[in-house]
1. Counting each DSSP H run of 4 or more residues in chain A as -39500 (n - 2.57), what helix-only mean residue ellipticity at 222 nm follows after dividing by all residues, to the nearest 500 deg cm²/dmol?
2. Compute the Rg/Rh shape ratio of the protein assembly as shown: radius of gyration over Kirkwood radius, all on alpha-carbon atoms.
3. Rg and Dmax of the range A:275-336, using alpha carbons, in Å: what are they?
4. Amide H neighbours of B:Ala264 under 5 Å, at least 5 residues apart or on other chains, H built in the peptide plane: list them.
5. Could you tell me how many cubic angstrom of Cα convex hull volume the range A:268-424 has per residue?
6. Given the C-alpha centroids of the range A:52-87 and the range A:654-685, what is the distance between them in whole angstrom?
7. Please sort A:177-187, A:645-655 by packing, taking for each peptide the average over its residues of neighbouring beta carbons within 10 angstrom, highest first.
8. Using packing as a proxy for protection, rank A:53-60, A:272-279, B:43-50 so that the peptide with the highest average count of other Cβ atoms within 10 Å comes first.
Amino acid sequence: MRLDSSRSLLVRLFILAVLVLVPPTAIVSYRALGAFEQGMAPEMDKKAAIVGQDLRTQLERAVGYGVPLERMVGMTEFFAPVLAANPELRYLAVSDPDGRLLYLHGAETAELQADFRTAGFGTGRDGHKISVGPYFDVALPVQAKGGAVIGHLHVGFDRAYVTDRLANIFLDVAVVLSVSLIVAFEVLLFVVFFNITGPLKVAGWVVDRVRRGDFEHVPSVWSGDEVGHFVRAMSNSVRRTDEAYRGLMAYIEEVRTAHFDAGVVARVAEVADRVRFLFRFSPDGRPAPLGQRMATDIRLPLFLFVFAEEMSRSFMPLYAGGLATPLPGLSVEMMTALPIAFFMAAIALASPWAARVTERVGSSRAFVMGMVPAALGYVMTGFVFGLFDLLLWRVVSGVGYALVTVAAQTYISQAAREEQRAQGLGVYVGAVLTASICGTGIGGLLAERIGFGATFFVSGALVVLSGVLLARIMAESEPPAVVAVAARPKFRRLLANWRFTVLMLFAAVPAKMALTGFLFFLVPMILWQSSLTLSEIARMVVLYPLVMAVTSAIASRLSDRFQWRAGLVALGGLIGGIGLLAPVVLDGTLPIAIAIIALGLSHGLSASPQLALIPDVCWTECRAFGRVSIMALVRTIERAGSVAGPLIAAAFIPMWGLNGAVIGLGVLVLALAAFFAIASGAYGSGPHIETEEETA
Amino acid sequence: MIARRLLLALCAAAPLLLPALAGAAENGASAEKGTPARPYRIYMVLYRGWEECAKGFKDYFTNQNIPVELIIRDAAQDKSRIPGFVAEAKELGVDLVFTWGTTVTQEMLGTYDKVDPEKHITDIPAVFAIVSQPVGAKVVPDFKSSGRNITGTSYLVPMETQVNLMRSYLPARRLGMVYNPLEANSRVAIDELTQLGRRLGYDLVAKAVDLVDGKPSVASIPGKVAELKDAGVEFLYIPPDTFLNVNRDVLTGAALEFQLPSFAAAENPVLNSRAMIGGVYRYYTVGQLTAYKAEQILVHKVAPKDIPIDAPKRLSIIINMPVVRALGVYPPMNLLGLAEVHDPEAGP
């Protein structure tokens, strides 16, 4: 995100936003957490009472039938389902009147025995509560028929449970807070750029031209605020000058045609020529409005749009898995992978068409057109009954996504002609990355609270909002679509360039395979199986764009400074592949977190050097077909990797299980990356022109 | 002319119409209950007197407000009385026949390959109950349909369910069984248990009681139980066998004496003797289910051959607590939670 000359203003605004938003939210959240913590303790006691009394009744019934307390049978099977149904309970136990443990399930005898012997639960009331090591223990007396206490039933809570719950809520609050900050900042950026810096920049251009004697343009701003007044006043000055010029010229013409003194006529003509030489005015007497088409204009709509798509990132396989019903010849895993693969395939296949539509109707209109299928797709995704309608609506959304992203890229590259290209690209990548962070984090949190369906409705609403915003911007300025119809690159000629082919097949494709196969598909399923909540899963998945955002900023600087591109791409690929092998040595969710971070690191390192490498390795092709169409082709090839990723992962699951599929994918990605690392050694550096010589 | 003709037509139709009209009027009167005033006449033939199944059958009609007139006959374990009941039922022209037990059912209704309209009930619909092997005894060709004018219920719990229940109480590796070699049911049970054992991982030791003068000897039972105990049997299986049912006290008493837990396939050895546990469909419930089938035939006019033969859905696990205490082999807590506990010593 390049903020150029407005940087200091924006930094100050951001600080202001933080100051205004964070303290009150933090205070309110802190208070709420306090209240929650206080409410937890009696809630736990109540739970212990309900669970404990039911178990005790059954124990007392058995005792009443003459089963001695120390000779109960099947106590593990008796306790196990109760513990399974109540995750906050850690153990259940029965002790004799001396505090000796008779039965215990869920904890180690050694942890409790010593404390139990000294606790002296007595004969008295229910709910005698003690702290034992990491547990709270609530004891309920068990009575024989005569009323004599013959032992105690113990319900054990994890003391960390409360802290865990609080930490979870705290993290959720933190996610909401960060996301609202980012959204607030995006809105601020939009407001500032669209209403203040944008018009002022246009005004600046006009003033600059005027300084050089160019009165052909007026700034085109219609807003009614102070900026609008100022710019309008300036336009009026330009127009007045234009009128004065025309008055002068008319007068000069009059003098030239009517004056008797040839000397005067010559002098006047000379003056006119001088004026014409020094100043330029609109030939038709109407200074043309100078558009303020800037890449930053569509940042907010694009942000909202990508936000909407990313909301389902952390739970799409879970949603699909719930709908999948076994079909002959198609495993449930494969059916779960299909929605992701279909979505990616829809984007890949629709992109060339989207480019043609954008050429025909202009990028802004194409952007809005893309919103319609996207919004429809999301809303209907929330309504689906089975896997097949889910696939249909994912494809519809994918088509919309393709149209919007192609249109946004075209818009930015057009707008960037007037500015710097790099800045334009930065706007696109920045919007997509921040939206990815925000959308993923909020999506999981929302789905946990309002359900999958409702979350898709929110996605749909966001797309509509984005469309409304964009329609407003369009009303302001829509320059004619001037997309140069690019020559269709010849596949064969490109692929004959081995550097390009190697870069695609051994770096770009495996990167996307790891992204969709692992992060989009396997991660939600693995974490869900490890019984993480939806918001916890989302917080894990969000690590990827976070790490990537930080890394890519550093990597692009490194790559620019040292011209170190192929090396970074190779390094990135290896890191990603190795990260996926983490489940080989570690158990649980930690290796998954490591793999996600490694993947973020990997793509952060390699994404921008990889883009920068393309003009290097196919310099002649870029010249022949245009960079834009080469890039479009690159994206299409990458998308093939995106489609393959979940399908390959799904094919691995029945053979090796979920973690095995991660490792399998890791081996594949690592092998490809290793090949690239070796091959890239032969790249040399700098542009390659031998291909040109060959074809010449 | 026309009027006269119409009158004639009405007179001709009158015999047909009148009962229908009368019925309609009566139905109108008792419309709330939706039942005809004339009770259905059911001819019940029992084999061992009035018991739980017959009681469940009768109570069902009472609870459903279906008026029935029960004509009750007891063969009192004497096969020779049955032909007389066939004749009486035909003579009375009853609406339905109820038969209790394999013998009564076979004698009254015939087997599906040997039905004689002279000797058996054929025109009157019939329901049977407490037939342990409806197919094996050739009462019906299969459980889906009798193919004739009868239907009924089965009352035996599937063998696998029984074995699983037994082994959830005590994971025994060796089951034992004392049986009457003259009873076909027992052989069927041995075959089933042996086959299941191969799959579930246990073996079966079966001992036939001695035959004295071609009759099974009661006195030999305790010895057979002792032999089982010596063979390392951990659980005694008591099949639904009439001879063993009659001599249940001897059998279960011996089991208790030799500290052998016993499982009964019928409720009598548990409720009225000293078997430790039973997994059964209660006779009362079976009676009710049989009455439900009778209702389908009488009230809803469903053809008996369209009503499948099945057993109640709910299994009753009965634990005989005095025996449990005497043996000191206590039931797992979860099983105890599901079971009906029979504990006459504890009082209500």
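1. Helix-only estimate at 222 nm: -24500 deg cm²/dmol.
2. Taking Rg over the Kirkwood Rh, I get 1.18.
3. In Å, with Rg to one decimal and Dmax whole: 27.6, 84.
4. Here B:Ile238, B:Ile277, B:Gly278, B:Gly279 satisfy the definition.
5. Roughly 139 Å³ of hull volume per residue.
6. First find each Cα centre; the distance between them is then 53 Å.
7. So the order, starting with the most tightly packed, is A:645-655, A:177-187.
8. In decreasing order of mean packing, A:53-60, A:272-279, B:43-50 become B:43-50, A:53-60, A:272-279.
Here, each number is a calculation from the coordinates, and none is a lab measurement. Computed from a predicted model, the values in this text were never measured in an experiment. Cβ atoms come from the backbone with ideal geometry, glycine included; neighbour counts cover every protein chain shown.
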